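Structure first, commentary second.
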Amino acid sequence: MDLLAETLAVGGVRGTAGARIEGSGPWGILWHRIAGAAFYAVTCGTAWLDLPGQPPRQLMPGDVVLLPNGQEHTLRSAPDAPVIPQLCSVAERARKCGGVLRLGSGEVQTHVLGASYDYDPAVSTQVLATLPDVVHIRANRGGDGLDDTVRLLSRELAGPQIATDFVLNRLVDILLVQLLRVWRTEKPAEARGTWLGVLGDPLVSVALAKIHEAPARPWTTDLLAAELATSRSTLTRRFRDTTGRTPGDYLTQWRMDLAAVRLRDTDETVDSIAHSVGYTSVFAFSRAFRRARHEAPGQYRASSRESLRPTPAG
């Protein structure tokens, strides 16, 4: 079981290439908060990232940076470069449609690819939501794959061809996984306390793999500890230290995540979904679901589908 791949997939994490920034001379742009995560890869030149309450951060060629919570931020050519308010609406359109955003005048000196990552609000077990406000990976770390992907990205941007948007969107997904790999390796202390921190504890990561592989199995902490040939107290302590919760709490949350997605996206009966996530009675499942989501399963199915319906034009 590849825990990271599984959790990203169930969490509905999907990347989309956004604005392709071309900067020349002094320039600055303010980006408002978005619902998902924001990402930038600098393929040529330099830029400065400015977030509220933090000192400006210089981004060099080959750098990638992830803002997991999509907070408001500014990109500039220099720490004191002015921001042009009139460009905000143009920038938002470029971010949504993946267009070229030309900033400043004269010969282009900086190229930055912007992207965003959406994740499923129905799923509470999310990798990105537990990360710090900024994940910044410097260039040239020595053959970890991330540098190669950024170079491939640079070539694609320098010479767009047929299906370039398709290629960029796939590279954006690859870049996210590679960024998480590098960050976890380079910053193990920062990774503790995030979802990625579980991968640093072999006992907890195996326990999570067993839960993810068979969520319907009647797991108890004692049974899980026996499967891992460890004591209940050791498993509980290490699980709590790594995830911030008990094995039973994590199991319930994961089951509710799986159930919420199936209630929204399928026409399976509540009874079938209840059994698929380990409940022998609809009553027990409904009680657990209501406690976790504040709605009965049937109410949640109706309200979640209603929220996905497009609004009429105008």
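The values are calculated or read from the model by the stated rules, or taken from the named source; none is laboratory data. Since we're looking at a predicted model, the values are computed, not measured. Heads up, the Cβs are rebuilt from the backbone with ideal geometry, glycines too, and the neighbour counts pull from every protein chain shown. We work out accessible area using only protein heavy atoms, side chains counted, and drop any ligands, DNA or RNA first. Shrake-Rupley method; radii C 1.70, N 1.55, O 1.52, S 1.80 Å.
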Checklist entry - From the list VAL123, VAL198, VAL127, which residue is in contact (Cβ under 8 Å) with a residue 60 or more places away in the chain, open to solvent by less than 10 Å² (accessible area, probe 1.4 Å), within 27 Å of ARG291 (Cα to Cα) and in contact with a Phe, Trp or Tyr (Cβ under 6 Å, 6 or more places away or on another chain)? => result VAL127
Checklist outcome for this item: Across the range 6-37, the tally of residues that are in a helix (DSSP H, G or I) and in contact (Cβ under 8 Å) with a residue 12 or more places away in the chain stands at 4
Item to check | Flag for ALA288 being over 22 Å from ILE211 (Cα atoms) and either among the β-branched types (Val, Ile, Thr) or without any contact (Cβ under 8 Å) to a residue 60 or more places away in the chain (or both) | outcome: no
Item to check | Residue tally, condition of a type in the set (S, T, N, Q) and either closer than 30 Å to ARG237 by Cα or touching a Gly at 6+ places or on another chain (Cβ under 9 Å) (or both), over the range 248-273 | outcome: 2
Checklist outcome for this item: Inside the range 38-50, the number of residues satisfying the requirement of being among the polar types (S, T, N, Q) and part of a loop (DSSP other than H, G, I, E, B) is 1
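When you check SER116 against the structure, is it in contact (Cβ under 8 Å) with a residue 12 or more places away in the chain, within 25 Å of GLU92 (Cα to Cα), of a type in the set (Ser, Thr, Tyr) and in a strand (DSSP E or B), yes or no?
The answer is yes for SER116.
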Item to check | Subset tally (residues that are more than 18 Å from THR149 (Cβ to Cβ), open to solvent by less than 10 Å² (accessible area, probe 1.4 Å) and at pLDDT below 90) for the range 1-30 | outcome: 1
Item to check | Selected residue (criterion: nearest to PRO132 (Cα to Cα)) from residues of the range 37-61 that are surrounded by fewer than 20 Cβ atoms within 10 Å (Cβ to Cβ) and small (Gly, Ala, Ser) | outcome: GLY53
Checklist entry - If we keep just the residues of the range 246-261 that are surrounded by fewer than 18 Cβ atoms within 10 Å (Cβ to Cβ) and in contact with a Ser or Thr (Cβ under 7 Å, 6 or more places away or on another chain), which is nearest to GLY12 (Cα to Cα)? => result GLN253
Checklist entry - Out of (1) of a type in the set (S, T, N, Q); (2) open to solvent by 10 Å² or more (accessible area, probe 1.4 Å); (3) within 27 Å of VAL177 (Cα to Cα), the odd one out for SER77 is which? => result (3)
Item to check | helices (runs of 4 or more DSSP H) contained in the range 124-200 and holding at least 2 residues within 18 Å of GLY98 (Cβ to Cβ) | outcome: 146-158, 164-186
Checklist outcome for this item: Within the range 206-245, the residues that are at pLDDT below 95, surrounded by fewer than 16 Cβ atoms within 10 Å (Cβ to Cβ) and closer than 29 Å to ARG262 by Cα are ARG240, GLY244, ARG245
Checklist entry - Just for the range 88-120: of the residues that are among the aliphatic types (A, V, I, L, M) and open to solvent by 40 Å² or more (accessible area, probe 1.4 Å), which one is farthest from the chain's Cα centre (by Cα)? => result VAL108
Item to check | Any chance GLY193 is open to solvent by less than 50 Å² (accessible area, probe 1.4 Å) and of a type outside the set (A, V, I, L, M, F, W, C) | outcome: no
Checklist entry - When the residues of the range 131-162 are filtered to those that are open to solvent by 60 Å² or more (accessible area, probe 1.4 Å) and of a type outside the set (D, E, K, R), which remaining residue is modelled with the lowest pLDDT? => result GLY142
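Given the structure, is ALA296 closer than 23 Å to GLN126 by Cα, touching a residue at least 60 places away in the same chain (Cβ under 8 Å) and either open to solvent by less than 40 Å² (accessible area, probe 1.4 Å) or basic (Lys, Arg) (or both)?
So ALA296 does not fit the description; no.
Specify which of the listed residues (VAL167, VAL112) is in contact with a Leu (Cβ under 8 Å, 6 or more places away or on another chain), of a type outside the set (Phe, Trp, Tyr) and farther than 30 Å from PHE289 by Cα.
Matching residue, one of VAL167, VAL112: VAL112.
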